[in-house]
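Following: one structure in structure tokens, then a few remarks.
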Amino acid sequence: MDVLEELRKFREMDIPYSRVLSSMCTVPLEIAVKAHQMFINTNLGDPGIFPGTLELERKLIKMLGDLLHCETPCGYICSGGTEANIQGIRSARNIKAKKEPNIVIPKTAHFSFEKICDILRIEVRRADVDEAYRVDVSEVESLIDENTVSIVGIAGTTELGQIDPIVELSKLAEEKDIPLHVDAAFGGLVIPFMDNPYPFDFVNEGVMSITIDPHKMGMATIPAGGIIFRNEKFLKALEVETPYLTTKMQFTLTGTRPGTGVASAYAVLKSLGFSGMREIVKMCLKNTKILTEEMTQLGFEPVIEPVMNVVAFKTERAEKIREELYRRRWVISAIRNLSAIRFVIMPHVTEEVIKNFISEFRKVI
Ligand SMILES: *Cc1c(COP(=O)(O)O)cnc(C)c1O
């Protein structure tokens, strides 16, 4: 058998995005795919060979900095939110230089923080959330001590799309002189394009780093995560010497790294512009509303009023429903500790997809 035909067979086993209502990834824009192909053999791990790609990355970081209200943005495009979170915390840890470091994160934080505490050998303290699943700032304060090297807030939680009170966290962070890291892996490319956006970014003086992933709502090709620091100090804290490359220092976590994410993310933002992004976010929010209304009519109640294009509904049968839908090749997610089913209304989740899904869902319940 022809190898490509063989590959096609495997690929056909995958579930098409038109049946996926659980993923924070989506079908990349066509322009993103073209850009990806143009940069297919670039390696930003050795930037002296790819000065053009490096220059493009600087432009993209500047663009993201503008979006996040930072005049001196520093950072890079990485493998995803996990790496971005690792680097944000690693930088703060190196700067604060405590013998027995700890960080304070919300209970709702992404599971990448499990890896962070393991890799960085940092104690992770989890603050409780209020009834709307926003972190309780007074509890964060009570968990801070002289060994706390970072506070984390989330702008768009993975499970519910909730936004932590970043403004209050930032004040606390400033008062205690502890860097605040905002995990906006998902929300970073949603919130700025909403009406009356919540101020989750560098407008807050205590915010020192932000995770923002183009391979989620940025509709770029995978992998494309982003870590943006307020200034160079935080990037410098990550540097190691490179004995044989075209540059003397490297601040990234991975060595060899693709320029494809840089090109595809840039292509999307440049071609759509902030106004085009606003249209897409608007459509996703409208579709979230449509799905929520359909589900409410079927007797399901949202866990919280949706804040962005993520919505979860309470049900004791969450895992059963998820399994039955999966048997029928529809993918939703079940939040195990909340007894809820969860949906992410990405750009590929159109009105048509929702209609098809609901008709299948009726049969399942
Ligand atoms: C998706 C997500 C991550 C992890 O990103 P990956 O690209 O999967 O590594 C981290 N934090 C939040 C809030 C996320 O939604």
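Could you check the stretch 198-213 and list, in sequence order, the residues that are surrounded by fewer than 24 Cβ atoms within 10 Å (Cβ to Cβ) and closer than 23 Å to residue 286 by Cβ?
Matches in the stretch 198-213: 198 only.
Mind checking which residues of the stretch 38-50 are outside any strand (DSSP E or B) and of a type in the set (S, T, N, Q)?
41, 42, listed by residue number.
Report whether or not residue 167 is away from the ligand (no atom under 14 Å from the Cβ) and farther than 30 Å from residue 270 by Cβ.
Yes; evaluated as a whole, the condition is true for this residue.
Enumerate the helices (runs of 4 or more DSSP H) found wholly within the stretch 225-332, keeping only those where 2 or more residues are hydroxyl-bearing (Ser, Thr, Tyr) and without any contact (Cβ under 8 Å) to a residue 60 or more places away in the chain.
260-297
I need every pair where a residue in the stretch 144-163 that is within 20 Å of residue 207 (Cβ to Cβ) has its Cβ under 8 Å from the Cβ of a residue that is in a loop (DSSP other than H, G, I, E, B) and among the acidic types (Asp, Glu), sequence separation at least 6 or different chains.
153/164; 154/164; 155/164; 155/201; 157/164
Can you tell me which residues in the stretch 51-82 are surrounded by fewer than 22 Cβ atoms within 10 Å (Cβ to Cβ), within 16 Å of the ligand (Cβ to nearest atom) and assigned to a helix (DSSP H, G or I)?
Result: 82, single match.
Within the stretch 84-103, restricting attention to residues that are touching a strand residue (DSSP E or B) at 6+ places or on another chain (Cβ under 6 Å) and within 16 Å of the ligand (Cβ to nearest atom), which residue is nearest to residue 263 (Cα to Cα)?
The selected residue is 84.
Is it fair to say residue 302 is over 27 Å from residue 68 (Cβ atoms), at pLDDT below 95 and not charged (D, E, K, R)?
Here the answer is no, as residue 302 does not meet what is asked.
Within the stretch 336-346, restricting attention to residues that are over 18 Å from the mean Cα position of the chain (by Cα) and in a strand (DSSP E or B), which residue is nearest to residue 360 (Cα to Cα)?
Residue satisfying both the conditions and the ranking: 341.
List the residue pairs whose Cβ atoms are under 6 Å apart, where the first residue sits in the stretch 89-111 and is farther than 16 Å from residue 169 by Cα, the second is within 16 Å of the ligand (Cβ to nearest atom) and part of a loop (DSSP other than H, G, I, E, B), and the two are 6 or more positions apart or on different chains.
Pairs that qualify, where the first residue is farther than 16 Å from residue 169 by Cα and the partner is within 16 Å of the ligand (Cβ to nearest atom) and part of a loop (DSSP other than H, G, I, E, B), are 110/158.
Taking residue 113 and the conditions (1) under 29 Å from residue 306 (Cβ atoms); (2) surrounded by fewer than 19 Cβ atoms within 10 Å (Cβ to Cβ); (3) out of contact with any Cys (no Cβ under 7 Å at 6 or more places or on another chain), which numbered condition does it fall short on, given that it satisfies the others?
Unmet condition: (2).
Within the stretch 11-26, does at least one residue satisfy the condition of being within 23 Å of residue 78 (Cα to Cα), at pLDDT 95 or above and part of a helix (DSSP H, G or I)?
No; the residues of the stretch 11-26 include none that is within 23 Å of residue 78 (Cα to Cα), at pLDDT 95 or above and part of a helix (DSSP H, G or I).
Out of the residues in the stretch 214-233 meeting the condition of being within 10 Å of the ligand (Cβ to nearest atom) and surrounded by fewer than 24 Cβ atoms within 10 Å (Cβ to Cβ), tell me which one is farthest from residue 72 (Cα to Cα).
222
Which residues, counting only those in the stretch 347-358, are assigned to a helix (DSSP H, G or I), touching a Ser or Thr at 6+ places or on another chain (Cβ under 9 Å) and within 22 Å of residue 156 (Cβ to Cβ)?
353
Taking the condition of being near the ligand (Cβ under 9 Å from one of its atoms) and farther than 18 Å from residue 346 by Cβ, how many residues in the stretch 150-164 meet it?
Selection size over the stretch 150-164: 1.
If you go through the stretch 177-197, how many residues are more than 10 Å from the ligand (Cβ to nearest atom), outside any strand (DSSP E or B) and buried (at least 18 other Cβ atoms within 10 Å of the Cβ)?
7
Look at the stretch 104-123 and say how many of its residues are of a type in the set (A, V, I, L, M, F, W, C), away from the ligand (no atom under 14 Å from the Cβ) and out of contact with any strand residue (DSSP E or B) (no Cβ under 6 Å at 6 or more places or on another chain).
Number satisfying all stated conditions: 1.
Does the stretch 234-265 hold any residues that are β-branched (Val, Ile, Thr) and surrounded by fewer than 23 Cβ atoms within 10 Å (Cβ to Cβ), and which are they?
240, 242, 246, 247, 252, 254, 256
The values are calculated or read from the model by the stated rules, or taken from the named source; none is laboratory data. Bear in mind that the values here come from a model prediction, so they are computed numbers and not experimental data. When we count neighbours, we look across all protein chains shown, and the Cβ atoms used for this are built from the backbone with ideal geometry, even at glycine.
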